[in-house]
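Values quoted throughout were computed directly from the atomic coordinates according to the rules given, and no laboratory measurement underlies them. Predicted model only: the values in this text are computed from it and were never measured. When we count neighbours, we look across all protein chains shown, and the Cβ atoms used for this are built from the backbone with ideal geometry, even at glycine.
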Amino acid sequence: MNLLSFYKSRFCRSGFIIATVIFLWSGSPVSTALAASPSVVNVGVGTKGNYVIMDAILKDGLTKEIREAIESGVPMTISFEVELRKEVSLWADSLVRANTISHTVQYDSLKKAYRFTEVGKNVKRKIITRKKNQYQKLMLTLNNIPLAPIYQLDPNEKYYVRVKADLEMDRFWFPFNYLFFFVPFNDFETSWANTSPLTLDQDLVPSTEAFNAKSKKGGTQGLNHVIRSFNK
């Protein structure tokens, strides 16, 4: 096959894919304006080993239109910005550590499988699944995300964790870079979700170190000493 034939063939195939995707998307009414706004909920903070870790869930992050786009093969990425901050009474709160976690999914129509990747600081995993509910849960859930070594925290100081998420379609991935004006949904960015103030418990032995809210005294509970959640 000569070079001209190759480009003609590639153009025809891409044109067919583009037409198919546009048809699939245009077949359903655009309802994103009526959909609930995505938000980060159920943020938990605790420890695992010698690290402060956190969990969170993105609610309403995968609309029907986004799921249909994923089924058409469009790569989707949700990025979570996570910050551990120290409260400062007279000045702006200071940043202790930050981590950006990217969740990406792409559907392989030939193998009928979803390829999920999670990448961040001290975080890296790849999962292939054929189950829709599994890839959706993976995309919307943060689990045991490391933030900072425990030794960096002062038991006499107050801290809090805040999280926000944004979705971005890979508009420059061939052939979907030609679909910019046909996508029936917008990228989104949630507002920051903050935990209540947390302090390091001085009385716990190293094997069970944990955060505790000063307003709560006693033992820890839940996943790896998770003690705080909100917006349930």
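A few notes on this one:
- Structure note, pairs LYS64/LYS112; LYS111/LYS132; LYS132/LYS164: Cα-Cα distances above 21 angstrom occur for LYS132/LYS164.
- Links that overshoot a 31 Å alpha carbon limit, given the list LYS48/LYS137; LYS86/LYS131; LYS131/LYS158: LYS86/LYS131; LYS131/LYS158
- Modelled spin labels at TYR151 and LYS48, positioned 7 Å past Cα toward Cβ, are 2.1 nm from each other.
- By other beta-carbon atoms within 10 Å, ranking TYR51, TYR135 with the fewest at the front produces TYR51, TYR135.
- Sequence-distant contacts, meaning Cα pairs under 8 Å at least 6 residues apart, place the relative contact order of region 107-154 at 28 percent.
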